[in-house]
Structures are given as structure tokens and as C-alpha cells.
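**Q** Pasting in a structure now, in C-alpha cells, and then I'll have a few things to ask.
The values are calculated or read from the model by the stated rules, or taken from the named source; none is laboratory data. Source: prediction; values computed, not measured. Here the Cβ positions follow ideal geometry from the backbone for every residue, glycine too, while neighbour counts run over all protein chains shown. The protein model used for the area step is the full one, side chains on, heavy atoms only, and it has no ligands, DNA or RNA in it. Shrake-Rupley method; radii C 1.70, N 1.55, O 1.52, S 1.80 Å.
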Amino acid sequence: MVQAQMTETERNKAIVNTSALNEQVRELGHEVGKFRDAGGELGIGDDLAHIVDSLNYELRDRILTLVSHNLGPQQQANLMLVLKKAGEWLDEERKELERPPQKSSGLRIAPNSEAARRLRDLDYFETFLRCLARDVLRSMADFNFQTSRAR
């Protein structure tokens, strides 16, 4: 069964709400990372990390709902472009962070903890993006299959 498309008002409201959740998840994830880096209590840090993971799943579900209700051919092409660009930005950021340290006076400068944390964040985000992209592609394939069967 083909899902009914959202009205523009419904879509805009869903996008605003999803964007707000995305920002909250990002901020909470950042704060949990700082808490863990500061040597916070392990149990509390683990619990907070589970909350962030749970919110990430909710965010992913909201994104998939938006996708499944707004999948015209142009929207699919736009979404593929966004996913491609996000992957390219991740690769560029990773290359910059993994660039060999500069040598000074023959001594190797160790990468700082901020760069290491950012690399961990990139790895986490890349995993999230790949899972989301896989689910989006499945949703698009299902939408296209259902649409072709309905004709």
C-alpha cells in the first residue's frame, strides 16, 4: 500500500520538530562526551550514552517517516544528493583530522585529545549515516515497488 504524502504544512512541522530533536541529540551527545572525557562516573556516563542512543533511534524513525511520506522522484534525487554530500563531507573531515602531525625539531607532535574525540564522533556519525542511508534506500525501493504495482 502506498503511503499518503504529507501536506506541506505537515511536512514543514515534521521537519522543524525533527531538526529540533537532532539539535538536542547532538548537544546531549556532546555533553555526554565531555562528561566521559572528564572522568565522570562510569555508570552515569553509560546511562547517559544509552539515552543518547535511544534518542538517535527516535530521530532515525522520524527521518524515515518523513522519507516514506515524501518520496516523489525529485525528492528521491534530492535525498540521494544529500546523502552523497554528507558522505563526502565526512571523508573530507576525516582526512583533515587524520593528517599526519607536523614535525617540529625532529620531534613528532602527538595528536591532541580534541582531534581524537572528533574522530570518534565522526566514526559514530558515519555509522549512524550509513544505517540511515541503508534504511532510506530500502524505503525508497519499497515506495517505488508499491507505486509500480499500483499502476
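**Q** How would you order 74-87, 46-59 from highest to lowest mean count of nearby Cβ atoms within 10 Å?
**A** Numbers: 74-87: 13.1, 46-59: 14.7.
Highest-to-lowest ranking by the protection proxy: 46-59, 74-87.
**Q** Let me ask something else about it. Report the extension gain between Asp37 and Cys131 in nm, rounded to one decimal, defined as 0.36 nm multiplied by the number of residues separating them, less their alpha carbon distance.
**A** So the extension gain works out to 31.2 nm.
**Q** Also, quick follow-up: Applying 1/(1 + (r/R0)^6) with R0 = 35 Å to the Cβ-Cβ distance of Ile44 and Val16, what FRET efficiency is obtained, to the nearest 0.05?
**A** Once rounded, the FRET efficiency stands at 0.65.
**Q** Gap in Å between the Cα centre of the range 1-80 and the Cα centre of the range 111-140?
**A** If we compute the Cα centre of each part, the gap is 13 Å.
**Q** Is it possible to state the helix-based mean residue ellipticity at 222 nm for the chain, with each DSSP H run of 4+ residues giving -39500 (n - 2.57), the sum divided by total residues, to the nearest 500 deg cm²/dmol? What is it?
**A** Taken over the chain, the calculation gives -29000 deg cm²/dmol.
**Q** A further question on this structure: Accessible area per residue, 1.4 Å probe, Å², for the chain: what's the number?
**A** Per-residue value: 72 Å².
**Q** Using 0.36 nm times the number of residues separating Asp53 and Glu88, minus their current alpha carbon distance, what extension gain do you get?
**A** Residue separation times 0.36 nm, minus the Cα-Cα distance, leaves 10.2 nm.
**Q** Let me ask something additional. Using 1/(1 + (r/R0)^6) with R0 = 41 angstrom and r between the beta carbons of Asn144 and Glu96, what's the FRET efficiency to the nearest 0.05? The partial results should precede the final answer.
**A** Numbers: r = 37 Å, r/R0 = 0.90.
It comes to 0.65.
**Q** In terms of solvent-accessible area of protein heavy atoms at a 1.4 angstrom probe, what is the ranking of Thr18, Thr65, highest value first?
**A** Thr65, Thr18
**Q** Note down the accessible area of Glu126, probe 1.4 Å, to the nearest 10 Å².
**A** Only protein atoms counted, so the area is about 40 Å².
**Q** Ignoring ligands, DNA and RNA, please state the percent of accessible area on the chain from carbon and sulfur, probe 1.4 Å.
**A** Carbon and sulfur together cover 56 percent of it.
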